[in-house]
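The values are calculated or read from the model by the stated rules, or taken from the named source; none is laboratory data. Owing to the predicted nature of the structure, the values given are computational and were not obtained by experimental measurement. So basically every Cβ, Gly included, is an ideal-geometry build from the backbone, and we count neighbours across all protein chains shown. Just so you know, the surface numbers come from the protein's heavy atoms only, side chains and all, with ligands and any DNA or RNA stripped out. Shrake-Rupley method; radii C 1.70, N 1.55, O 1.52, S 1.80 Å.
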Amino acid sequence: MKKIIAFFLLFSIALIFPIACSNNPNTSANNVLSIYNWSTYIAPEIITEFENKFNVKIQYDTYESNEDLYAKIKPGNPGYDVAFPADYMVKIMASEGLLEELNKENIPNIKNLNDKFINPPYDPGNKYSLAYQWGTMGIGYNIKVTEGEINSWSTMFDDKFKGRVALLDDMRSSFSIALISLGYNPNTTNPKEITEARDFLIKNKQAIAAFAPDTGQNLLDQGEVDLTCEWSGDIFQVMKENPNLRYAIPKEGSILLTDNMVILKGSRNKELAEKFINFILEPEIGAKISNFIKYATPNQAAKDQGLIEAADLNNFAIYPPPELFAKLNYIQDLGQATILYDEAWTEVKLGVGK
């Protein structure tokens, strides 16, 4: 669901391949809020509840990746009010003037957020964004095949699973696995370490069945692979129907993802958009969303009030303990070093042949 790509690639895509939504947003009326969100990323009744509470209408469109969002908004906002970019994309969009500053006086429910999501590195002071949901990158696997629980990236490169592993078709995600496995920071700008990560992936090419375009959970569910690198909520959603599937955050560490609520530059209903963000931050509303989509809530009040399903709250794969949480890293924009990753990624794709 959450596809990380280099900034300069995003810029090129925005210029060359603008992606259109199925519907054109209509924000001509003051009582219409136009929302642009990931697909399957909200509890359906939330939309109706907001419409009824504030006597408004919501125009709701979806996208499949951060690149889709960026490509749609970069040429000029066609009329959307609220969007849900990932952490690194918030930084990019804010730096390009694509986001409105939040008036926090209109969002008092910010008090409900866990302190871990206040003043994040990608948006100091929460000037442009507030956390919506969060999750991790980890390993989805079929426990009947692994014959037991797993907890290490090294398992994905075990000869036992040769040709039965899917990685994300995403430069930074796949390099993060290699870098963490080698004991390096996934945001390194060291050319030597990036080269070592490249060689690590090529060396282990026999393990890789596919670089999946964020569809690893489907390959796993359908039995086409036995292990896949994916985002936590995506795996937990397919686990509902397949009792043989599991999800693990590797003990070596991984990537932390936070999706955020932002107001897009040019929003015609900024005050209504802030009401929506405040509504989402109500404990009961935040809990309904997390209980439905199986990502973790940043809403501490929802947890304190016992509104999160106990099975989820007690699942360390959804809410990792402090010692494991400390090993999670945000993907960061690496500036000019991104070129090194891009060159290495091209060599990986050629060397692996997938």
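So which of Gly163, Gly148 is without any contact (Cβ under 8 Å) to a residue 12 or more places away in the chain and assigned to a loop (DSSP other than H, G, I, E, B)?
Details: Gly163 fails: without any contact (Cβ under 8 Å) to a residue 12 or more places away in the chain.
Criteria check complete, one pass: Gly148.
Pairs only if they're at least six apart or on different chains, beta carbon under 8 angstrom, first in segment 219-232 and without any contact (Cβ under 8 Å) to a residue 40 or more places away in the chain, second surrounded by fewer than 22 Cβ atoms within 10 Å (Cβ to Cβ) and not in a strand (DSSP E or B); list them, first residue then second.
From residues that are without any contact (Cβ under 8 Å) to a residue 40 or more places away in the chain, the pairs are Asp221/Val238; Asp221/Glu241; Asp221/Asn242.
Mind listing whichever residues of segment 290-309 are in contact with a strand residue (DSSP E or B) (Cβ under 8 Å, 6 or more places away or on another chain), buried (at least 22 other Cβ atoms within 10 Å of the Cβ) and of a type outside the set (Gly, Ala, Ser)?
Hits for segment 290-309 are Tyr295, Thr297, Pro298, Asn299.
Looking only at residues in segment 54-73 that are of a type outside the set (A, V, I, L, M), open to solvent by less than 40 Å² (accessible area, probe 1.4 Å) and within 17 Å of the chain's Cα centre (by Cα), which one is modelled with the highest pLDDT? Walk me through it before giving the result.
We begin by selecting, within segment 54-73, every residue of a type outside the set (A, V, I, L, M); these are 54-55, 57, 59-68, 70, 72.
Keeping just the survivors that are open to solvent by less than 40 Å² (accessible area, probe 1.4 Å) gives 61, 63, 65-68, 70, 72.
Checking which are within 17 Å of the chain's Cα centre (by Cα) leaves us with 63, 65-68, 70.
Numbers: Tyr63: 89, Ser65: 80, Asn66: 83, Glu67: 79, Asp68: 86, Tyr70: 92.
If we take residues in segment 54-73 being of a type outside the set (A, V, I, L, M), open to solvent by less than 40 Å² (accessible area, probe 1.4 Å) and within 17 Å of the chain's Cα centre (by Cα), then Tyr70 is modelled with the highest pLDDT.
Within segment 310-320, does at least one residue satisfy the condition of being in a helix (DSSP H, G or I) and surrounded by fewer than 16 Cβ atoms within 10 Å (Cβ to Cβ)?
Kept after step one, since they are in a helix (DSSP H, G or I), are these residues of segment 310-320: 310-313.
When the remaining residues are screened for being surrounded by fewer than 16 Cβ atoms within 10 Å (Cβ to Cβ), the result is 310-311.
Yes, segment 310-320 contains a residue that is in a helix (DSSP H, G or I) and surrounded by fewer than 16 Cβ atoms within 10 Å (Cβ to Cβ).
Residues in segment 38-75 that are among the polar types (S, T, N, Q) and in contact with an Asp or Glu (Cβ under 8 Å, 6 or more places away or on another chain): how many?
Total meeting the criteria: 2.
Just the residues that are loosely packed, with under 15 Cβ neighbours inside 10 Å and in contact with a Ser or Thr (Cβ under 9 Å, 6 or more places away or on another chain), please, taken from segment 159-191.
Selection gives Lys160 alone.
Just checking, how many residues over segment 210-231 are touching a Lys or Arg at 6+ places or on another chain (Cβ under 6 Å) and either more than 23 Å from Glu241 (Cα to Cα) or at pLDDT 95 or above (or both)?
Our first condition is that a residue be touching a Lys or Arg at 6+ places or on another chain (Cβ under 6 Å); within segment 210-231, this holds for 210-211, 214, 225-226, 231.
If we keep only those that are either more than 23 Å from Glu241 (Cα to Cα) or at pLDDT 95 or above (or both) as well, we get 210-211, 225-226.
Within segment 210-231, residues that are touching a Lys or Arg at 6+ places or on another chain (Cβ under 6 Å) and either more than 23 Å from Glu241 (Cα to Cα) or at pLDDT 95 or above (or both) number 4.
Output yes when any residue across segment 9-28 is within 22 Å of Pro120 (Cβ to Cβ), of a type outside the set (Ser, Thr, Tyr) and modelled with pLDDT under 90, and no when none is. Even if it seems obvious, please write down each step before you answer.
The first filter runs over segment 9-28 and keeps only residues within 22 Å of Pro120 (Cβ to Cβ), leaving 10.
Narrowing the set further to residues that are of a type outside the set (Ser, Thr, Tyr) leaves 10.
So of that shortlist, the ones also modelled with pLDDT under 90 come out as 10.
Yes.
Which is more than 16 Å from Ala296 (Cβ to Cβ) and either aliphatic (A, V, I, L, M) or touching a helix residue (DSSP H, G or I) at 6+ places or on another chain (Cβ under 7 Å) (or both), of Leu340, Leu313? Break it down stepwise before answering.
Working: Leu313 fails: more than 16 Å from Ala296 (Cβ to Cβ).
One residue alone meets the criteria, Leu340.
For Asn269, state whether it is polar (S, T, N, Q) and more than 22 Å from Pro121 (Cα to Cα). Let's see the steps before the verdict.
Details: polar (S, T, N, Q): yes; more than 22 Å from Pro121 (Cα to Cα): yes.
Judged against the criteria, Asn269 is a match.
Based on what the data block shows, is Ala212 surrounded by 20 or more Cβ atoms within 10 Å (Cβ to Cβ), in contact (Cβ under 8 Å) with a residue 24 or more places away in the chain and more than 19 Å from the chain's Cα centre (by Cα)? Reasoning before the result, please.
On the way: surrounded by 20 or more Cβ atoms within 10 Å (Cβ to Cβ): yes; in contact (Cβ under 8 Å) with a residue 24 or more places away in the chain: yes; more than 19 Å from the chain's Cα centre (by Cα): no.
In short, no.
Please find, within segment 321-354, the residue that is farthest from the chain's Cα centre (by Cα) out of those that are under 30 Å from Ala209 (Cα atoms) and part of a loop (DSSP other than H, G, I, E, B). First the steps, then the outcome.
Step one: filter segment 321-354 for residues under 30 Å from Ala209 (Cα atoms), giving 324-325, 327-334, 337-354.
Right, trim to part of a loop (DSSP other than H, G, I, E, B) and you get 327, 330-334, 353-354.
On the way: Lys327: 17, Tyr330: 10, Ile331: 10, Gln332: 13, Asp333: 15, Leu334: 18, Gly353: 27, Lys354: 24 Å.
The extreme case among them is Gly353.
Among the residues of segment 221-257, how many are surrounded by fewer than 24 Cβ atoms within 10 Å (Cβ to Cβ) and among the polar types (S, T, N, Q)?
4
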